[in-house]
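The values are calculated or read from the model by the stated rules, or taken from the named source; none is laboratory data. Just so it is clear, the model here is predicted, and its values are computed rather than measured. Here the Cβ positions follow ideal geometry from the backbone for every residue, glycine too, while neighbour counts run over all protein chains shown.
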Amino acid sequence: MGTVTVISAKRSTRGAARLAWITLGFFILVVLWGAVVRATGSGAGCGANWPLCNGDFFPHHPRLATVIEFTHRSTSGICTMLLVALGVYTFRVTPKKHRARTAVLWSGFFLVTEAALGALLVLRHYVEDNISVGRVIAQSVHLTNTMLFMGALTLTAWYLRERDPIETEKGSSGTAIAAIFATLVVSATGSLAALADTLFPSPSLRAGLLSDFAASSPELVRMRWVHPASALIGLACVLLLVRGLPARARIGQIMVGLIGLQAVLGIVDVLLLAPIWMQVLHLLGADLYWIALVVLAAAWIWPEKQTTSL
């Protein structure tokens, strides 16, 4: 291990860190509600209008699909305001070139692209029963951007903390990058598997498994196997990272626990034929897993120096 350097911070970042975690938690709720929008086919609830809902700021006498979609857009707006406040707060309490500043700026970038991709889905009618190649690509890119935004928010909160960095014993930045990339692939293929479950629900477990390999099945259904296959590759990369931690490291214990939780949730999701509540729960587990992985991988990719506050 390298030499640990001690530097001083002029202002406490605890308040900003607290706001960062609150913003991250709220964004997770936005993501989960987005899954409800997709699973209920409510993506066109506000019509082909964005950012207005059916041409209005507030929908009048809305149907259920409109309420679901409008709620998603409204909470996304609240998340935007939280991020703006977080950015201002972060720049006030951190010195120049602080890592939290870089992370919050990247958060802002991914928020803008998140909004643009969401608008694309609506304006191009990549919602409801649309099964075009364009929707498959757009949804995969949208989910990947969502994960990157969540990762940037995670790093913002993590770098604002006033605690010692994670200690690593062995491993490499290459393995950490591979774990990040593999997990992004798992997330993208997971979104497509969930879309297939929504558009082509199976009457039974046996029928669902057979349709995955039937030549007559829609291509989206026949792609579902890619999700568990990529998950195994991602799992191998993450376990290599965990091996490079001291036995006492709490983050390693958390990662192992989240890996087990995700495996259980994935199996239950398949056995229950992917009901909406189970899809949301599985996505929540995936989000928590991703947050922990970003923190863990950052210890190798961008090693920190120990800091103490005066």
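Beta carbons closer than 8 Å, at least 6 apart along the sequence or on distinct chains, never pair a first residue in segment 186-210 that is outside the structural domain of Trp290 (by TED's automatic domain parsing) with a second that is not in a loop (DSSP other than H, G, I, E, B) and not charged (D, E, K, R). Cβ separations smaller than 6 Å between residues 6+ apart or across chains give the following pairs from segment 269-292 residues that are in contact (Cβ under 8 Å) with a residue 24 or more places away in the chain to residues that are among the polar types (S, T, N, Q) and assigned to a helix (DSSP H, G or I): Gly285/Gln262; Tyr289/Gln262; Ile291/Thr154.
Name every residue in segment 76-114 that is surrounded by 16 or more Cβ atoms within 10 Å (Cβ to Cβ), closer than 19 Å to Trp33 by Cα and of a type in the set (A, V, I, L, M, F, W, C), in order of residue number. Listed by number, the residues that qualify are Cys79, Leu82, Leu83, Phe110, Leu111. Do we find a residue being at negative phi, aromatic (Phe, Trp, Tyr) and in a helix (DSSP H, G or I) anywhere in segment 283-290? Yes, segment 283-290 has at least one match.
Of the helices (runs of 4 or more DSSP H) entirely within segment 133-223, those holding at least 1 residues that are of a type outside the set (Gly, Ala, Ser) and touching a Phe, Trp or Tyr at 6+ places or on another chain (Cβ under 7 Å) occupy 133-160, 173-199, 219-222. Scanning segment 18-56 for residues that are at pLDDT 95 or above and either more than 17 Å from Gly118 (Cα to Cα) or not in a helix (DSSP H, G or I) (or both) yields a count of 9.
Selection within segment 156-172: residues that are under 14 Å from Leu293 (Cβ atoms) and surrounded by fewer than 22 Cβ atoms within 10 Å (Cβ to Cβ). The member of this set that is modelled with the lowest pLDDT is Gly171. Each residue in segment 119-132 was checked for being in contact (Cβ under 8 Å) with a residue 12 or more places away in the chain, outside any helix (DSSP H, G or I) and buried (at least 18 other Cβ atoms within 10 Å of the Cβ), and 2 pass.
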